[in-house]
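Below: one structure, written as structure tokens.
The values are calculated or read from the model by the stated rules, or taken from the named source; none is laboratory data. Because the structure is predicted, anything quoted here is derived from the model rather than measured. Glycine also receives a Cβ, built like all others from the backbone with ideal geometry; neighbour counts cover every protein chain displayed.
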Amino acid sequence: MKYLLLIFISFLLGGCLAAEPPADPFAGMRMADGSVLWEDEYRFTPPPPPWQLLTLDEEDYSVAFFRGCRKEEPGNYPCESTLAYAEEPFGYSRDLEERQEEFFRRFLWAARVDFEKPSLKKTRALGGEALQADTVGHERVLGHKVLVRVIFAHRGERIVAFYFTQWRPADEEFDQSQLKALENFVGGFTFTAPSFYEKLVTRQD
């Protein structure tokens, strides 16, 4: 009886702990308008829940978020979405169209994805001209697919990028409404300090 009572108490405690809201990953960085000052260099409004900050130790992006297929899910491949800002997207060209070609030669290469030819659209981001690339990638072995949108923009003389990925099993439809989160993220993204490269050029001058 005592053993069953301990299990019941443990279950209750576990439920209470699980019910607590997650700690704010942006504590100490939030501004009065709700935006976030990230690393004293980027200012943006994080996408609302169920989007969560992605904290993996990666060099492919500067800040990223992820979510699952439905609101109650934190995200589980192959049913998850990611949006991110990359200060140094794959490639070297300073031409927007050439850069997107370089980018897709390496993007998601470890996932063995075959991309369809991207659909390109001129747009604006970060106060200047930008290029939007939309495509779908197919992982043939496991039967997964990924919806991709990448927005290439200028930061000074360099090209930076925002990207969105949405993974689904090959027989499931994509949820195009999630692209709104990328649109809002890009629209409210600003720089609050010169980049490392801009500081370097200033020192040389």
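Could you grab me the full set of residues in segment 114-160 that are surrounded by fewer than 19 Cβ atoms within 10 Å (Cβ to Cβ) and hydrophobic (A, V, I, L, M, F, W, C)? Selection gives PHE115, LEU120, LEU126, VAL136, VAL141, LEU142. When residues in segment 65-114 are screened for being acidic (Asp, Glu), assigned to a strand (DSSP E or B) and at pLDDT 95 or above, 0 of them pass. Taken together, the residues in segment 163-205 that are charged (D, E, K, R) and at pLDDT below 75 amount to 4.
Counting only strands (runs of 3 or more DSSP E) wholly contained in segment 115-160, the ones carrying 3 or more residues that are farther than 17 Å from GLU88 by Cα and of a type in the set (Asp, Glu) occupy 128-139. ARG168 passes every criterion in (1) under 26 Å from LEU37 (Cβ atoms); (2) of a type outside the set (Gly, Ala, Ser); (3) in contact with a Leu (Cβ under 9 Å, 6 or more places away or on another chain) apart from (1).
If you filter segment 164-184 down to residues that are among the hydrophobic types (A, V, I, L, M, F, W, C) and assigned to a strand (DSSP E or B), you find that the one that is farthest from ALA133 (Cα to Cα) is TRP167.
Number of residues in segment 161-181 that are buried (at least 21 other Cβ atoms within 10 Å of the Cβ) and not hydroxyl-bearing (Ser, Thr, Tyr): the value is 5.
With respect to (1) out of contact with any Phe, Trp or Tyr (no Cβ under 9 Å at 6 or more places or on another chain); (2) without any contact (Cβ under 8 Å) to a residue 40 or more places away in the chain; (3) polar (S, T, N, Q), the lone exception for SER195 is condition (2). Residue count for segment 103-113 satisfying the condition of being touching a residue at least 40 places away in the same chain (Cβ under 8 Å) and surrounded by fewer than 20 Cβ atoms within 10 Å (Cβ to Cβ): 1.
When TRP167 is tested against (1) farther than 25 Å from THR190 by Cα; (2) without any contact (Cβ under 8 Å) to a residue 60 or more places away in the chain; (3) of a type in the set (A, V, I, L, M, F, W, C), only condition (2) is not met.
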